[in-house]
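Have a look at the structure below, then the notes.
Just so it is clear, none of the values below were taken in a lab; they were calculated from the coordinates. Note that this is a predicted model, so its numbers are computed, not measured. As a convention, Cβ positions derive from the backbone with ideal geometry for all residues, glycine included, and neighbour counts pool all protein chains shown.
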Amino acid sequence: MTHSGTSLPRLSSPTNRRDRAHRSLHLVENDPARPVSTTSGRFWARQYRHRLRVTDSAIVAGVVAAAFALSTLDSPPVTGSLVGHGLIAVAAATLWLILLSAFRTREYRVLSVGITEYTRLVNACTTTFGILAICCIIAQSGPISWYFISAFPLGLVSLVVSRWLWRKWLSHQGRLGHSLSRVIVVGRKADVDYVIRQFSSASRAAYAVVGAVVDGGATSIAAVPTHHDLDQVAAMAAHLGADAVVVAGTPSGRADFIRTLSWQLEGTATELILATNLANIAGPRIHLRPMEGLPLIHVEIPQFDGAKHVLKRAFDVVVAATALVALLPVLAVIAAAVRLDSAGPAFFTQERVGRDGRLFTMWKFRTMTQEAPEALEPLLNQNESGGVLFKMRNDPRVTRIGRVLRRHSLDELPQLWNIITGDMSLVGPRPPLAREVEQYEDHVHRRLYIRPGLTGMWQINGRSDLSWEQSVQLDLYYVENWSLVGDIVIMWRTVRQVSHPVGAY
């Protein structure tokens, strides 16, 4: 049966659009871009997730098997009990593995980036522990089942260490140019340049920028092959085999650009990523609130008191008190070495500015000569920081033992007492001097909203090599986005940093 009139237009299938992209290659053939020698992001991610799955399964099976063996040793098996113990072991391991998947601990978007992966891992293990404990109480299974519950702390630590080791391996692969997602960055020149710079400075390389499409006709940017025709982004992605297109901001005069680009990428293996302008805001504070026709991004306002801060304070006291007792012999040896190396006391005290601008006395091992304050004035013109801090790589006031202590941050250990007394925290912004605070711009005073820290993001990101602006940026980011899990990660990275010191003087 036929119909008269105007025929409907034929809808373009994803396959047709992909073919057209390949036929449009002549539009970018003159571009100097060439595919880099990195494996497809989706391919290496599948391999990496498979390795994590195997490792997780082996750890869970090993820990549960150890608990099963201990339960049979403590209570010699009788008729049927061995089977019962075995069933509990299988159920515990199965539940654990299911929850590791349910909490998306191996999701592609969180692997080897930030602390979300570790947070999900902790949540999955804690939930498993809670469910099994409740089941043991309800079933009145006796002490046997508690062997399996006691295995969870060991399992959690093993899983976290395993993920950390895999991150180290993946980071090494990234430095070699492997296991990277190939991306094209699109937007205005300033936005594209910023995104490429952030990718390059990230501690764990995740993206290999293989090209850029710059609004405004720029021909070159950040040593990356560049195109300027926004209508050919999909064609360029197909030509270069990009795993993702990163849109930085919104190109001028193209309000529908993102929607059109998403249509062009349909049916391809290329993802679309939006790089927002929400700089210095951590992921957990950002939530998408979908409304009909209008997706909204909700940003949580930072809170500077409440239960979260009480928990941080309790954690500080327990860890600092334990560390102070354990390190007493080390502290005694360092104090003796300082006294023998130069005239003067072993400890150095200085007035610093704490939370809400309150002054407190900060303790350190003395690393300078007694005449250091008087000798500062002639050295001020040699300040290397470019800001309100005084930094000098070869400061003549530093003693011989002081250089060793500073290099490994051992001079900071007496601040464990400041943590116990409530003046400082284990992790936080750097404790400033009063004369430094007097020179703060208005926004920099936000550093004083929480307690200063024994260590912090400045300690693990370059220390004295950081500029004043970089130090401020890191401290303000921490003040607004800190978490207890993040504190633990910073403390762990601090141990590694002082073992292989960089930027300490």
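When peptides 467-474, 354-361, 316-323 are ranked by their average number of other Cβ atoms within 10 Å per residue, the highest-first order is 467-474, 316-323, 354-361.
If R0 equals 25 Å, the separation of the Cβ atoms of Gln470 and Trp492 corresponds to a calculated FRET efficiency of about 0.70. Note on Ala314 and Leu70: the extension gain reaches 84.5 nm, defined as 0.36 nm multiplied by sequence separation minus the Cα-Cα distance. Each peptide among 159-167, 62-70, 176-184 gets the average number of other Cβ atoms lying within 10 Å of its residues, and from highest to lowest they stand as 176-184, 62-70, 159-167.
The alpha carbon centroids of the range 447-499 and the range 151-197 are separated by 20 Å.
Taking 0.36 nm per residue of sequence separation and removing the Cα-Cα distance, the Thr361/Ala335 pair yields an extension gain of 7.5 nm. Protection proxy ranking, highest mean first, for peptides 427-439, 302-314: 427-439, 302-314, where packing is the per-residue count of other beta-carbon atoms within 10 Å, averaged. For the range 400-468, the dipole from Cβ point charges (+1 on Lys and Arg, -1 on Asp and Glu) about the Cα centre works out to 320 debye, to the nearest 20.
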